[in-house]
Amino acid sequence: MKKNKAYCIGGGIGSLTAAAFMIRDGGMDGSQITIFEKLPTQGGSLDGKRLEDGSYSLRGGRMLTTDHYECLWGLYEGIPSLENEGMSVKEEIIAFNKKHIPHSQARLVDENRHIVDVSSMKFTMHDRIELLRLTEATEEKLGTSKITDWLSKEFFDSNFWYMWQTTFAFQPWHSAVEFKRYLHRFMNEFPRIETLAGVKRTIYNQYDSLVLPLLKWLKDRNVNFHSNTIVTDVHTQEIDGKVTVTSLEIDADGNRQTISVDADDIVILQNGSMTDASSLGSMTSPPLLKTKEDSHGWKLWEKLANGRPDFGNPKPFNSSIPESFWESFTVTCRTPKFFDKMTELSGNQPGTGGLVTFKDSNWLMSVVLYNQPHFINQPDDVQVFWGYALHGDRVGDFVPKTMVECNGDEILTELCGHLNFDKSVFDKATCIPCRMPYITSMFMPRAYTDRPKPVPETSKNLAFVSQFVELKDDVVFTVEFSIRAAQTAVYQLLDIDKEIPPITKHDKSAKVLIDSVVKAFK
């Protein structure tokens with residue numbers, strides 16, 4: 001067993017999987033690894049919880065695919081299921097999805113509650129030429145440009161854009177580089193984007209299905225977890241020309257202490273968080289409008305990056321909340337009325353349809369009905385679904401307020417308006433809105449040097465693991481990105497001579513290319 005100690009700042013999936021790689025591949029003893037998390041629970045953005053009134057809340061839901069996510073599956077094939085003895089988490093997710101096959105029949109719904117025919121992408125020849133030009137441009141040429149710098153106004157009225165935008169949460173002002181990366185990484189999904197046939201879901205929400213099994217695996221190996229603990233400072237020295245962490249300042253429920261760090265120890269920092277400064281509302285109150293002043297996730301990165309170009313530049317990601325925020329909502333239904341009406345409208349049983357987007361809504365609202373139960377120990381007479389809107393700063397179609405000004409009851413009123421459902425479908429229901437100021441901050445236009453490598457060239461024992469690091473060809477806003485960053489960092493710091501699962505190059509497949517061209521001309 002290696003005797004290094006490791007300190008992970010932030011308890012998100014990046015830190016949790018970094019700990020797993022240190023143990024599995026680095027030969028470290030779990031008792032030598034400590035994870036600090038400012039919240040009461042681990043898991044970071046992969047959250048999901050039952051509130052005191054019995055309703056549920058989750059900030060988001062992650063779509064998986066077995067055609068990608070190579071590092072995720074490589075790890076979870078060795079993490080045991082909590083419920084199915086003898087099966088890994090990977091095996092149980094694959095088995096679940098063989099029983100619940102996605103095939104959306106109501107991907108887009110228009111203002112007349114008409115299910116839009118999305119078999120055609122509705123491209124013009126000009127749209128195709130522009131999209132091809134962007135897809136084939138080098139990242140150097142794309143630079144800090146926005147999607148709108150490459151695509152004309154008419155493109156954003158295509159069926160493709162409505163589906164791609166709401167599937168991945170892109171905005172027209174987001175980075176052209178990130179948009180291009182998505183087009184390449186998920187090119188095999190393009191021919192079936194209207195049905196979401198490639199999507200795989202976890203059995204429950206991602207906290208219950210991904211975080212809890214991993215936490216048990218780590219705890220069984222004596223990893224140390226410190227919740228309600230903030231790392232307030234990271235002290236460094238330059239040793240042999242390398243930035244070396246020498247100590248950490250922590251605040252654990254008001255108890256301050258200094259932890260010494262040796263040069264051979266490891267420090268993993270989650271530099272930035274897409275769910276930082278998020279806030280929950282209720283049926284009677286909108287979420288608080290938190291700002292960077294309420295944020296803790298950027299401070300350490302800003303301090304460490306000051307004067308160190310290879311440590312990145314947080315500013316492009318945290319300087320424009322109006323361009324990086326959106327709002328989600330979780331609805332707990334205590335009668336089956338809404339699920340029954342949605343099943344009748346969409347033709348999909350819960351868990352088989354994916355997102356339903358109201359393409360003409362001012363808020364650009366979408367909802368998804370999961371297979372039930374969506375939480376461990378969820379009562380049989382309760383159903384939970386999730387929704388979000390990309391334009392929360394706009395006045396609603398049926399509620400004369402912006403979404404960020406609305407409480408949960410008003411969001412349900414807006415949703416019923418788009419569906420032409422009587423509000424009684426939400427008798428006894430609870431809607432919990434959630435505002436996230438930085439939820440798409442990693443999509444903001446950036447220079448190549450704005451994101452540090454997981455282990456900067458000038459670093460001795462410090463690594464960055466988050467959605468804000470540079471990984472060639474991979475895409476942010478995925479669980480895979482955090483896990484790949486963690487594996488990359490751990491392998492480099494511990495000098496592990498093993499191959500990291502390569503990114504599957506679907507964009508080099510002749511079949512995928514032909515299918516994509518055919519789809520583009522439908």
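Taking (1) open to solvent by 20 Å² or more (accessible area, probe 1.4 Å); (2) of a type outside the set (Gly, Ala, Ser); (3) in contact (Cβ under 8 Å) with a residue 12 or more places away in the chain; (4) assigned to a helix (DSSP H, G or I) in turn, residue 203 satisfies each apart from (4). Checking every residue in the stretch 505-521 against the condition of being crowded, with 22+ Cβ neighbours inside 10 Å, at pLDDT 95 or above and either within 26 Å of the chain's Cα centre (by Cα) or not in a loop (DSSP other than H, G, I, E, B) (or both) gives zero matches. Residues in the stretch 206-241 that are out of contact with any helix residue (DSSP H, G or I) (no Cβ under 9 Å at 6 or more places or on another chain), in a loop (DSSP other than H, G, I, E, B) and not polar (S, T, N, Q): 240, 241. Of the residues making up the stretch 48-59, those that are part of a loop (DSSP other than H, G, I, E, B), out of contact with any Leu (no Cβ under 6 Å at 6 or more places or on another chain) and open to solvent by 10 Å² or more (accessible area, probe 1.4 Å) are 51, 52, 53, 54, 59.
Give the stretch 88-126 a look and list any residue that's open to solvent by 40 Å² or more (accessible area, probe 1.4 Å), in contact with a helix residue (DSSP H, G or I) (Cβ under 6 Å, 6 or more places away or on another chain) and not in a loop (DSSP other than H, G, I, E, B), or say none. 90, the sole residue that qualifies.
Close contacts from the stretch 508-522, counting a first residue that is small (Gly, Ala, Ser) and a second that is assigned to a loop (DSSP other than H, G, I, E, B), with Cβ to Cβ under 7 Å and a gap of 6+ residues or different chains, come to 520/121; 520/123.
Considering every residue within the stretch 305-313, establish whether at least one is in contact (Cβ under 8 Å) with a residue 12 or more places away in the chain, more than 22 Å from residue 36 (Cβ to Cβ) and part of a loop (DSSP other than H, G, I, E, B). Yes: one or more hits. Screening the candidates 473, 495 for the property of being open to solvent by 10 Å² or more (accessible area, probe 1.4 Å), over 20 Å from the mean Cα position of the chain (by Cα), on the phi > 0 side of the Ramachandran plot and not basic (Lys, Arg) yields one hit, 495.
Which one of 57, 45, 88 is in contact with a Pro (Cβ under 8 Å, 6 or more places away or on another chain) and of a type in the set (Ser, Thr, Tyr)? It is 88. If only residues of the stretch 131-147 that are more than 19 Å from residue 171 (Cβ to Cβ) and not in a loop (DSSP other than H, G, I, E, B) are counted, the one that is least open to solvent (accessible area, probe 1.4 Å) is 139.
The values are calculated or read from the model by the stated rules, or taken from the named source; none is laboratory data. Quick caveat, the model's predicted, so the values are computed rather than measured. Note that we place each Cβ from the backbone using ideal geometry, even for glycine, and neighbour counts take in every protein chain shown. In case anyone asks, the SASA skips ligands and DNA or RNA and just uses the protein heavy atoms, side chains included. Shrake-Rupley method; radii C 1.70, N 1.55, O 1.52, S 1.80 Å.
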